[in-house]
Amino acid sequence: MSDVRYPFTAIVGMPDLRLGLLLNAVSPAVGGVLVRGEKGTAKSTMVRALAGLLPSLAAVDGCRFACDPTAADPQCPDGPHDHPSASERPAQLVELPVGVAEDRIVGSLDLERALAEGVKAYEPGLLAKAHRGVLYIDEVNLLQDHVVDLLLDAAAMGRSYVEREGVSVRHAARFLLVGTMNPEEGELRPQLLDRFGLTVEIAATRDPAERAEVVRRRLAYDADPADFAARFAEDERALAERITGARELLPKVELTDVALRQITAVCAAFEVDGLRADIVMARTAVALAAWDGRTEVLEEDVRKAAQLALPHRRRRNPFDAPGLDEEQLDRTLEEHAQPEEPSAPGEPSEPEELGGSGEAEGDGDGDGPEDDGPGPDGGPGGGPDGGGAPEPADGPDGPEASAAETDEPPQQPVPAQHPAPARESAPVAAGDPYRTKLFTVQGTGHGAQGRRSPAETSGGHTVRARRPQGTLSRLHLTATLQAAAPHQAARGRAGRALVLRKDDFREQVRQGRESNLVLFVVDASGSMAARQRMTAVKGAVLSLLMDAYQRRDKIGMITFRGADAELALPPTSSVEVGAARLESLPTGGRTPLAAGLLRAHEVLRVERLRDPSRRPLLVVVTDGRATGGRDALARSQRAATLFAAQGTASVVLDCESGPVRLGLARTLAGLLGGTAVSLDELRPEGVASLVRENRGENRRENRGENRRENRATTMRKAA
């Protein structure tokens, strides 16, 4: 790979991304930018090119934290810097790898030296390296949540903190934060989205001429990077000078009262949570004015700031796509475009409603009852003598109108000469999602941190101590002292200080919760659609998907109907894609249950090779019926035993309904080695009723046992 960066000015198109990055370069206080887009759209190329445009900075010589010699950090671990010598250096671009550990980000303390030698041996992390530069997080949505929280907290406070067993180090960490993500691979939580100042949606152009120019420039760069960069050197220099000029103009820009009121009115109109959006919009509007060389914020700056700062703050539930209603934005800006005028003395601040016999009361004379307007035939309506009586059920609208007024659907006659064959039905909408019962994987795992099953994680509560596995990061002080205490006399201890050896140190083992792979196997056959259950079934699966989103799980989805099973959604972190696939799921045909289970077995086998630490949870959504081929039910039951042999945690969502039930789904759950839950039991009220029933049964059993014990005691005494 060439050391010559692709020029920023050579990138074709994507004006919003270009502007969002440049505004953050002008004013890092905007809070960074999140770039959302499909793969192969030059997101990373543009971010890396931006670093070459940033002005060089003066840094204290020998300082690992790039302290500014004119305003050195008083808490700098390499300080104090009383009379420092300084030199110029380019702004740093620090890229954060997806699998990065927390210690690599914030730095690490050598606790062994801190306890044994009494010194603070601190190794700076990536946040220290990014100070006064650019921190670039590619695929930010794939990072663990606690890592993203840590990064965004540092970006918001401008400082990084390292706390280890009473040893504390802190240093400045101010940087331009840029994150990129592909929404198909999973979304960030709304709380984390809100921490990014701006967001930009990008997609590859569909214009053949622009696409051809992109390819032409990329081939030219690959052939001779230095020559290609030289062609755009003048444009790069001019853009860098414009950034410097905008930075100098930024403190002089005035945010007028009108502009500020427009900003707050827009945020209130779009019902964004909190006040962070107002502050980000204000900073963005000021940066836009400085970028255009103006000292006053205009309405166009507020509009553009809203388009960049609000879309990702509009999500109301996990399956909402970011967006902004442009018409509503224009109306709100227009309504608050003029300064407020104080009301004259004696005048009401709000217009009074008209009363009496004016037009506000309709066209009547004001003496009679309220007029409901003309009736169906053009005459007066509403009153008992006004001719406005409703049409009978067999009126012009026919029986359909009567059925529409009730909750019962109209009965459609089916021609007897054309019997309906088993065929694919149109997708039905899912029911409203609801909170579901928590299903977990038994045992203790070692997977990625999440909120579902018990696991040994970097967070959580301490359960025991062990010898360090690699670098000591979480010291268990009590266990360390207990290990060292018996050897103090043999080591010649003199005085109060302990004599510690490497073998004495113990680290904490913490237990929290992990995320799992939740694999849905959904029956989409005709047996599900024929009983009009698919709306309820889809609502249940959608509820489980939302539960998986909240617990940070990966999900996958297999559907089976007709003659085979289909991997509708390969395992991914994008729960939104799973919800979309579920919504468009058609139904009909036979029930190849065995094919669905075998396909799930193969998917889990591959995923164990890819991610062996992530434990699976199989969720089978079916009524237990199996049709198609010889011994369909027996083959499905044999397939179920494969999961039991591997110890795969499983849940069967029993969709069987009606007065006569075969119990096939519960039999399937027993063969899987899992549990069966009906649709009613999945709901909170269903779970609560089960708990109450179980408690009632336990109380009855306890009372029965007490009575038996009392009788036995009485008989013994009598004997």
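Things worth noting here:
- Any pair with Cβ under 8 angstrom, 6 or more apart, that starts in the stretch 176-187 at a residue that is part of a loop (DSSP other than H, G, I, E, B) and ends at one that is open to solvent by less than 10 Å² (accessible area, probe 1.4 Å) and polar (S, T, N, Q): Gly186/Ser574; Glu187/Ser574
- Residue ID - modelled with the highest pLDDT, chosen from residues in the stretch 652-666 that are open to solvent by less than 20 Å² (accessible area, probe 1.4 Å) and in a loop (DSSP other than H, G, I, E, B): Cys655
- Exactly one residue out of Glu236, Glu248, Glu210 is in a helix (DSSP H, G or I) and within 35 Å of the chain's Cα centre (by Cα): that is Glu210.
- Scanning the stretch 280-298 for residues that are in contact with a helix residue (DSSP H, G or I) (Cβ under 6 Å, 6 or more places away or on another chain), at pLDDT 90 or above, open to solvent by 60 Å² or more (accessible area, probe 1.4 Å) and farther than 30 Å from Glu583 by Cα turns up at least one hit.
- Residue within the stretch 482-499 that is out of contact with any His (no Cβ under 9 Å at 6 or more places or on another chain), closer than 26 Å to Arg614 by Cβ, at pLDDT below 85 and part of a loop (DSSP other than H, G, I, E, B) present: no
- Out of Pro69, Pro74, Pro80, sole residue that is touching a strand residue (DSSP E or B) at 6+ places or on another chain (Cβ under 6 Å), over 21 Å from Leu126 (Cβ atoms) and not β-branched (Val, Ile, Thr): Pro69
- Verdict on Gly624 being within 17 Å of Ser527 (Cβ to Cβ), surrounded by 14 or more Cβ atoms within 10 Å (Cβ to Cβ) and small (Gly, Ala, Ser): yes
- When Leu545 is tested against the conditions (1) without any contact (Cβ under 8 Å) to a residue 24 or more places away in the chain; (2) aliphatic (A, V, I, L, M); (3) closer than 30 Å to Glu38 by Cα, the lone failure is (1).
- Qualifying positions in the stretch 285-312 - of a type in the set (D, E, K, R), touching a residue at least 12 places away in the same chain (Cβ under 8 Å) and in a loop (DSSP other than H, G, I, E, B): Arg294
- Number of residues in the stretch 228-253 that are open to solvent by 30 Å² or more (accessible area, probe 1.4 Å), hydrophobic (A, V, I, L, M, F, W, C) and under 20 Å from Ala290 (Cβ atoms) equals 3.
- Flag if Thr648 is modelled with pLDDT of 90 or more, within 23 Å of Thr572 (Cα to Cα) and of a type in the set (Val, Ile, Thr): yes
- Whichever residue in the stretch 180-218 is among the β-branched types (Val, Ile, Thr) and in contact with a strand residue (DSSP E or B) (Cβ under 9 Å, 6 or more places away or on another chain) and, among such residues, is farthest from Thr41 (Cα to Cα): Thr199
- Test: residue in the stretch 1-17 that is closer than 18 Å to Arg211 by Cα and without any contact (Cβ under 8 Å) to a residue 12 or more places away in the chain: yes
- Some residue of the stretch 508-530 being over 24 Å from Pro612 (Cα atoms) and open to solvent by 50 Å² or more (accessible area, probe 1.4 Å): yes
- Count of residues meeting criterion [aliphatic (A, V, I, L, M) and either more than 26 Å from the chain's Cα centre (by Cα) or open to solvent by 50 Å² or more (accessible area, probe 1.4 Å) (or both)] in the stretch 601-621: 1
- Among residues of the stretch 548-564 that are under 21 Å from Phe439 (Cα atoms), those with a beta-carbon under 7 Å from a residue that is open to solvent by 30 Å² or more (accessible area, probe 1.4 Å) and in a loop (DSSP other than H, G, I, E, B) at least six positions away or on a different chain give the pairs Lys554/Ser573; Lys554/Arg614.
- Test: residue in the stretch 476-499 that is within 25 Å of Gly431 (Cβ to Cβ), touching a residue at least 40 places away in the same chain (Cβ under 8 Å) and of a type in the set (S, T, N, Q): no
- The listed residue being crowded, with 16+ Cβ neighbours inside 10 Å, of a type in the set (Ser, Thr, Tyr), under 26 Å from Ser168 (Cβ atoms) and in contact with a Phe, Trp or Tyr (Cβ under 7 Å, 6 or more places away or on another chain), out of Thr457, Thr480: Thr480
- Looking only at the stretch 635-649, and only at residues there that are part of a helix (DSSP H, G or I) and open to solvent by 40 Å² or more (accessible area, probe 1.4 Å), the one that is nearest to Glu456 (Cα to Cα): Gln646
- Ser657 among the polar types (S, T, N, Q) and under 25 Å from Ser543 (Cβ atoms): yes
- Here Gln144 passes the criteria (1) under 19 Å from the mean Cα position of the chain (by Cα); (2) at pLDDT 80 or above except the one numbered (2).
- The criterion of at least 1 residues that are at pLDDT 85 or above and within 25 Å of Leu152 (Cβ to Cβ) is met by the following helices (runs of 4 or more DSSP H) wholly inside the stretch 1-116: 15-26, 43-51, 102-106.
- All of Ala548, Ala540 fail the test of being open to solvent by less than 30 Å² (accessible area, probe 1.4 Å) and either at pLDDT 90 or above or farther than 19 Å from Asp680 by Cβ (or both), apart from Ala548.
- Taken over the stretch 171-193, the criterion of being open to solvent by 40 Å² or more (accessible area, probe 1.4 Å) and in contact with a Lys or Arg (Cβ under 6 Å, 6 or more places away or on another chain) is satisfied by Pro190 alone.
- Here the stretch 130-152 is the region considered, the condition is being of a type outside the set (A, V, I, L, M, F, W, C), touching a Leu at 6+ places or on another chain (Cβ under 9 Å) and under 18 Å from Leu54 (Cβ atoms), and the residue that is most open to solvent (accessible area, probe 1.4 Å) is Arg132.
- Within the stretch 149-160, residues that are over 13 Å from Leu135 (Cα atoms) reach partners that are part of a strand (DSSP E or B) and open to solvent by 50 Å² or more (accessible area, probe 1.4 Å) with beta carbons closer than 7 Å, at six or more positions or on different chains, in the pairs Arg159/Arg170; Ser160/Arg170.
The values are calculated or read from the model by the stated rules, or taken from the named source; none is laboratory data. These figures come from a predicted structure and were not determined experimentally. Positions of Cβ are backbone-derived with ideal geometry, glycine not excepted, and every protein chain shown enters the neighbour counts. Accessible surface is based on the protein model in full, side chains and every heavy atom, while ligands, DNA and RNA are left aside. Shrake-Rupley method; radii C 1.70, N 1.55, O 1.52, S 1.80 Å.
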